[in-house]
1. What FRET efficiency comes out for THR110 versus GLU171 if R0 is 45 angstrom and r is the Cβ-Cβ distance? Round to the nearest 0.05.
2. Given labels modelled 7 Å from the Cα in the Cβ direction, how far is it in nm from THR251 to THR236?
3. Less than 12 Å Cβ to Cβ from ALA140, Lys/Arg counted +1 and Asp/Glu -1: what total charge do the surrounding residues give?
4. What FRET efficiency, computed as 1/(1 + (r/R0)^6) with R0 = 41 Å and r the Cβ-Cβ distance, is obtained for ASP38 and ARG154, rounded to the nearest 0.05?
5. Among ILE232, HIS275, THR215, pick out the residue whose Cα is farthest towards the positive end of the charge dipole of the range 139-298, where Lys and Arg carry +1 and Asp and Glu carry -1 on C-beta, about the Cα centre.
6. For every other residue with a beta carbon closer than 14 angstrom to the beta carbon of THR110, add +1 if it is Lys or Arg and -1 if Asp or Glu, then tell me the sum.
7. Just ALA288, ALA185, ALA166 to compare: in a GNM of the chain, with alpha carbon springs under 10 Å, which one fluctuates most?
8. If Lys and Arg each add +1 and Asp and Glu each add -1, what is the summed charge of the other residues whose beta carbon sits under 14 Å from the beta carbon of ASP64?
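Every number here is computed from the coordinates shown, using simple stated rules; none is lab data. Just so we're clear, the structure is a prediction, and the values are computed from it rather than from any experiment. Here the Cβ is made from the backbone with ideal geometry for all residues, glycine too, and neighbour counts use every protein chain on show.
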Amino acid sequence: MRILVAGSNGQVGWEVVRLCPPAWTVHATDRTQLDISDPASIPRVVRELRPQVIVNATGYTTVDRAESEPAVARLINAEAVAVLAAEARACGATLVHYSTDYVFSGRKTTPYSPGDAPDPQSVYGATKLEGERAIIDSGASYVILRTQWVYGLRGRNFVLAILRQAALRPELRIVSDQTGAPTWARSIARATIGILSRGVPGHEGVYHLACAGSTTWFDFARAVFDEAATNIPGLTVPRILPVSSAEYGATAVRPAHAVLDCSATELTFGVTMPHWRDALREAMTDRAMLLAAIGAQPSMAAAASTAQTTVK
């Protein structure tokens, strides 16, 4: 299989590249090789590589900034995606595209299924929905995977942000009235490889892909520090204070309850996502990567190194 991974330096793209089977020919492209913010440059790259699969792990994901940069968000999340889909159709490739729970309002109190009516409340959600519709209308073979609360041990995400802030602030204010499923980037990558191995043609559509279970950002933060403290002796654990979304005052509206029903994904492709707490526990065991990601102080790194030696 020839696979083009756009956004190979991002959280999910990086994991996809690492997990691809050795027999696959992987073209890992970052912004210097495939600039998604310049849609006109996309055809040349795709036509040159002629992949059988395109994994689009790019996106404009700065949710609050999108409110003041709607044109930029639309360019990356919708217009560039439309070009990718058109090129995928032209070369007969399957397009794997990651979308988001932000396409929903979050007012539903039960899990959202892929067939539920979208109702985005933010520019980010609206532009991601535009991208979905462009793919569906393109005529390409595709699978759209909506996920949520994505984190990893690289890049920008909630987990690394609060671990970095822990060394600077004695207390953190974390939103407690939004519910979802924290989803590890590696869990998404594993499922993506499973879906591609099973085969997308004949099963095109929109699917949900998130870790099992649900929690709030507040309880997720507490779990992050529980797991990180176990693996990093000397980690500063701040006081965590619950606040409402209104008190926090983010610019963009977030879905209050956007748990995703992933049963169709499991039924169709045979992939099962782990519980969010189990995935977090596994992610936090990579001490070296975790320390590098949060820029740990030398004393903390020395303590962690000693702990690893003792375990061995």
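1. 0.85
2. The two pseudo-label positions are separated by 2.8 nm.
3. Residues near ALA140 contribute -2 overall.
4. 0.95
5. Ranked along the dipole, the leading option is ILE232.
6. It works out to a net charge of -1.
7. With Cα springs under 10 Å in the chain, the top fluctuation among ALA288, ALA185, ALA166 is at ALA288.
8. With Lys, Arg at +1 and Asp, Glu at -1, the neighbours total +1.
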